[in-house]
Amino acid sequence: MSNATKTAALFPAPEKIPQAFRIAQSVEQKEYLVGGEICFWHGPCEEVHSPVCLATGSGLEETRIGSYPLLTEEEALAALTAACRAYDHGRGRWPTMAVEDRIRHLEDFAYRMKEKRDEVIRLLMWEIGKSLADSGKEFDRTVDYILDTIDALKDLDRAGSRFVIDQGVIGQIRRAPLGVVLCMGPFNYPLNETFTTLIPALIMGNTVIFKPPKHGVLLHRPLLEAFRDSFPPGVVNTVYGDGATVVGPLIKSAKIDVLAFIGTSRVGDLLKKQHPKPHRLRCVLGLEAKNPAIILADADLDLTVRECVLGALSYNGQRCTALKLLFVHSSIAEAFLDKLGAAVEALTPGMPWEEGVQITPLPERGKTAYLSELIEDARKQGAAVVNASGGLVNRTFMFPAVLYPVTPEMRIFKEEQFGPLVPVVFYDDIEEPLRYVTESDYGQQVSIFGTDPELIAALIDPLVNQVCRVNINSQCQRGPDTFPFTGRKDSAEGTLSVSDALRVFSIRTMVAAKETDLNKQIITTVTRHRKSRFLSTNFLL
Ligand code: G3H
């Protein structure tokens with residue numbers, strides 16, 4: 001079957017959807033979690049439509065899969081009050097709890113979370129169109145992240161359980177929580193990227209308000225009871241609804257101590273500016289990127305094409321780390337384009353639950369129209385779509401398009417497409433891609449493809465001062481999660497990794513005393529009789 005036919009017949013009739021993947025009943029979420037209680041909302045709700053349409057007798061229809069509360073400022077501020085009360089200026093039960101006890105709460109949560117795997121994965125597929133395989137990976141990676149975070153915290157705590165003596169001063173240095181954290185994740189990894197901030201924030205003793213992204217709300221619903229039952233009241237609170245309505249008042253209150261936000265720099269800036277005392281707001285931001293691949297004349301073409309297809313089109317290109325511009329040396333441009341076009345043309349479109357599916361419908365409203373505009377703009381300025389099916393649209397679905405030759409005047413050269421478009425630029429002088437990286441507003445990662453160690457080495461040194469990860473013959477990516485994930489310029493603020501995140505959500509704090517007999521005796525008594533949780537030599541096993 002041709003891709004054109006596959007695209008036209010992409011959406012299934014309801015009865016063709018395997019039983020195991022159907023949404024038996026729409027998810028009409030009315031609940032939100034505040035102060036340890038699941039509250040019911042009686043006001044207006046936001047309708048949730050799936051990017052997966054259904055073929056009916058009267059044509060294609062949007063699939064309504066549920067709704068969630070459009071909370072107001074009042075409920076958002078109630079969540080804030082609950083989080084502040086649970087933190088209680090650092091004197092609450094959670095921030096003062098022994099680390100091993102906090103770990104037990106997290107383990108309990110991870111256990112309960114695993115029980116909801118199928119439900120969450122099904123909602124991931126329907127809400128954001130992520131394939132079954134990738135949705136499963138996102139869930140499992142998140143559970144692993146929780147377990148790895150627990151291990152990293154044990155290491156950190158062990159290091160803090162000893163005393164330092166220097167220049168006649170005895171000190172015990174540990175990391176203490178910061179206060180109330182607002183966590184906001186992105187739609188492309190609504191579970192994983194929200195939890196990569198939420199979990200370290202919690203385990204370090206902060207209390208949290210979390211707002212799911214616009215797409216990817218309902219998949220958190222199955223976890224609400226686990227949050228309620230695994231943590232003391234007010235430690236985890238949820239808000240839903242329009243960002244300006246519910247998030248603005250939180251930031252303006254000056255009671256949010258840390259903003260963990262993954263999204264666009266425009267929204268990140270907007271949020272930061274609303275804080276009355278911006279210096280009090282610690283931020284960790286994962287923002288946009290336009291990671292380029294630089295393909296050298298001696299690159300192994302098969303390997304390069306394989307990595308570029310993965311890098312540019314995994315989850316339809318909707319990854320901040322995706323390869324969004326390919327610079328190819330003009331001497332191999334034709335051979336590269338032939339192979340790339342063929343590989344893209346061979347990708348399997350379909351429904352998220354279908355085995356082997358690689359390209360699926362897109363959740364953002366108006367996205368295929370936006371991507372078509374980018375193609376049109378590039379065409380008008382002299383580019384062509386290399387692969388026969390590139391740019392074919394059926395409602396929320398677009399077949400990936402390889403565009404060539406892309407030039408700096410075209411919108412696709414600068415705009416972050418965040419979708420299945422693969423723009424190819426050719427270059428003769430290596431200074432051309434280097435200039436692109438230098439002049440770009442983004443600074444997350446780059447991939448270099450080539451076989452000559454000398455040529456690659458000559459690129460590494462200028463590039464490491466422009467981006468934060470240079471990948472050799474490998475696509476750009478965030479993982480493994482123990483590696484630092486960050487960026488320069490408009491791409492990030494702060495660094496996340498399993499161990500870095502523990503530092504982001506805490507501050508080094510110490511107890512110090514001049515080394516006198518009296519002070520030695522006090523410290524010995526306090527530690528020997530375990531009078532303090534902070535000033536303690538207790539060693540976590
Ligand atoms: O959207 C950005 C994600 O952090 C990318 O993560 O490279 O593991 O897909 P990934």
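The values are calculated or read from the model by the stated rules, or taken from the named source; none is laboratory data. Treat the numbers as computed from the prediction; the structure is a model and nothing was measured. Here Cβ is always computed from backbone atoms with ideal geometry, including for glycine, and neighbour counts include all displayed protein chains. Surface areas here come from the heavy atoms of the whole protein model, side chains and all, with no ligands, DNA or RNA. Shrake-Rupley method; radii C 1.70, N 1.55, O 1.52, S 1.80 Å.
Local charge sum around GLU37 (other residues, Cβ-Cβ under 15 Å, Lys/Arg +1, Asp/Glu -1)?
-1
Please identify every one of the trypsin sites (Lys or Arg not before Pro) in region 1-36 that sits in a loop by DSSP and has no more than 15 other beta carbons within 10 Å of its own beta carbon.
Counting only loop positions with at most 15 other Cβ atoms within 10 Å, the trypsin sites (Lys or Arg not before Pro) in region 1-36 are ARG22, LYS30.
State the percentage of accessible surface on the chain attributable to carbon and sulfur atoms; use a 1.4 Å probe and exclude ligands, DNA and RNA.
51
Rank-order 90-99, 531-540, 236-245 by packing density, defined as the average count of other C-beta atoms within 10 Å over each peptide's residues, highest first.
Ranking, from highest mean packing down: 236-245, 90-99, 531-540.
Largest first and in whole Å, give the semi-axes of region 3-286's equivalent ellipsoid, each being the square root of 5 times a Cα gyration tensor eigenvalue.
After diagonalising the Cα gyration tensor, the semi-axes are 37, 21, 17 Å.
So if R0 is 60 Å, what FRET efficiency would THR96 and ARG411 give, r being the distance between their Cβ atoms, rounded to the nearest 0.05?
After rounding to 0.05, the efficiency reads 0.65.
What percent does the relative contact order of the chain come to when contacts are Cα pairs within less than 8 Å and at least six residues apart?
The normalised contact order for the chain reaches 18 percent.
Where does the chain land on the Kirkwood hydrodynamic radius, alpha-carbon pairs, in angstrom?
Averaging 1/r across every pair of different Cα atoms and inverting gives 25.0 Å.
Which GluC sites (Glu not before Pro) from region 303-355 combine a DSSP loop assignment with at most 12 other Cβ atoms within 10 Å?
Passing both the DSSP loop test and the Cβ count: GLU355.
Got a sec to turn the phi values of region 521-538 into Karplus ³J(HN,Hα) couplings, 6.51 cos²θ - 1.76 cosθ + 1.60 with θ = phi - 60°, whole Hz, x for Gly and Pro?
Each residue's phi maps through the Karplus curve to give 5, 4, 5, 4, 5, 4, 6, 4, 9, 6, 7, 10, 7, 7, 7, 7, 9, 3 Hz.
Percent antiparallel among DSSP beta bridges with both residues in region 291-493, to the nearest 5?
Antiparallel: roughly 25 percent of the beta bridges in region 291-493.
Kindly work out what percent of the DSSP beta bridges joining two residues of region 3-286 are antiparallel, to the nearest 5.
Of those bridges, close to 45 percent are antiparallel.
Filter the cross-link list LYS30/LYS255; LYS130/LYS414; LYS339/LYS489 down to pairs whose alpha-carbon distance in this structure exceeds 28 Å.
As for pairs spanning more than 28 Å Cα to Cα, those are LYS339/LYS489.
Tally Lys and Arg at +1 and Asp and Glu at -1 over the other residues with C-beta under 12 Å from the C-beta of ILE460: what net charge comes out?
Here the charged neighbours net out to -1.
How high is the FRET efficiency between GLU354 and LEU303 when r is their beta carbon distance and R₀ equals 30 Å, given to the nearest 0.05?
About 0.65, to the nearest 0.05.
How much FRET efficiency would the formula 1/(1 + (r/R0)^6) give for ASN538 and CYS39, where r is the Cβ-Cβ distance and R0 is 45 Å, rounded to 0.05?
0.75
Mind giving me the nanometre distance, one decimal, between the label points for ASP269 and TYR370, set 7 Å out from Cα along Cα→Cβ?
1.7
Hey, can you grab everything whose amide H is under 5 Å from the amide H of ILE507? Only 5+ residues off in sequence or another chain; H modelled, so Pro and N-termini drop out.
Excluding prolines and chain starts, which carry no amide H, the hits are ALA176.
Say the cut-off is 31 Å between C-alpha atoms; which of LYS214/LYS324; LYS116/LYS211; LYS252/LYS514; LYS214/LYS273 go over it?
Exceeds cut-off: LYS252/LYS514.
Run the numbers on region 291-493 and let me know its relative contact order in percent, using alpha-carbon pairs under 8 Å that are six or more apart.
With pairs under 8 Å counted, the relative contact order is 27 percent.
For the chain, what does -39500 (n - 2.57) per DSSP helix run (n ≥ 4), summed and divided by total residues, give at 222 nm, in deg cm²/dmol to the nearest 500?
-11500 deg cm²/dmol
Using a simple spin-label model with points 7 Å from Cα along the Cα→Cβ vector, what separation in nm is obtained for LYS252 and ARG435?
4.6
Taking amide H atoms as placed 1.01 Å from N in the peptide plane, list the residues 5 or more away in sequence, or in a different chain, whose amide H sits under 5 Å from that of CYS283.
Sorted by chain and number, the residues that satisfy this are LEU259.
Just add up the charged neighbours of ARG266: K/R +1, D/E -1, any other residue whose Cβ is under 10 Å from the Cβ of ARG266.
Once all neighbours under 10 Å are counted, the net charge is -3.
Working from the pairwise distances between different alpha carbons, so that the mean of 1/r is found and then inverted, what is region 136-230's Kirkwood radius in Å?
15.2
Considering the zone a paramagnetic label at CYS283 would reach in this model (a point 7 Å from Cα along the Cα-to-Cβ line), which residues of region 467-511 have amide N under 19 Å from it?
Answer for region 467-511: 468, 485-497, 501, 504-506.
For region 335-378, what does the alpha-carbon gyration tensor say about shape, rounded, prolate or oblate, given a ≥ b ≥ c as the root eigenvalues, a/c under 1.5 as rounded, and a/b over b/c as prolate?
Since a/c reaches 1.5 but b/c is at least a/b, the shape of region 335-378 is classed as oblate.
Does anyone have the angle between helix 333-345 and the longest principal axis of the chain? Alpha-carbon axes, 0 to 90°, nearest 10?
Relative to the chain, helix 333-345 is tipped by roughly 80 degrees.
Could you check the simple spin-label distance between ILE173 and GLN521, using points 7 Å along Cα→Cβ, in nm with one decimal?
The two pseudo-label positions are separated by 3.0 nm.
Quick check on the chain: of the DSSP beta bridges with both residues there, what percent are antiparallel, nearest 5%?
Given both bridge residues lie in the chain, the antiparallel proportion sits at roughly 45 percent.
With an 8 Å Cα cut-off and a minimum separation of 6 or more residues, compute the relative contact order for region 193-302 in percent.
21
Summarise the long-distance tail of P(r) for region 291-493 by giving the % of C-alpha pairs beyond 27 Å.
I get 25 percent for the Cα pairs in region 291-493 exceeding 27 Å.
Could you report region 427-517's accessible area per residue, 1.4 Å probe, as an integer in Å²?
Each residue of region 427-517 exposes 49 Å² on average to a 1.4 Å probe.
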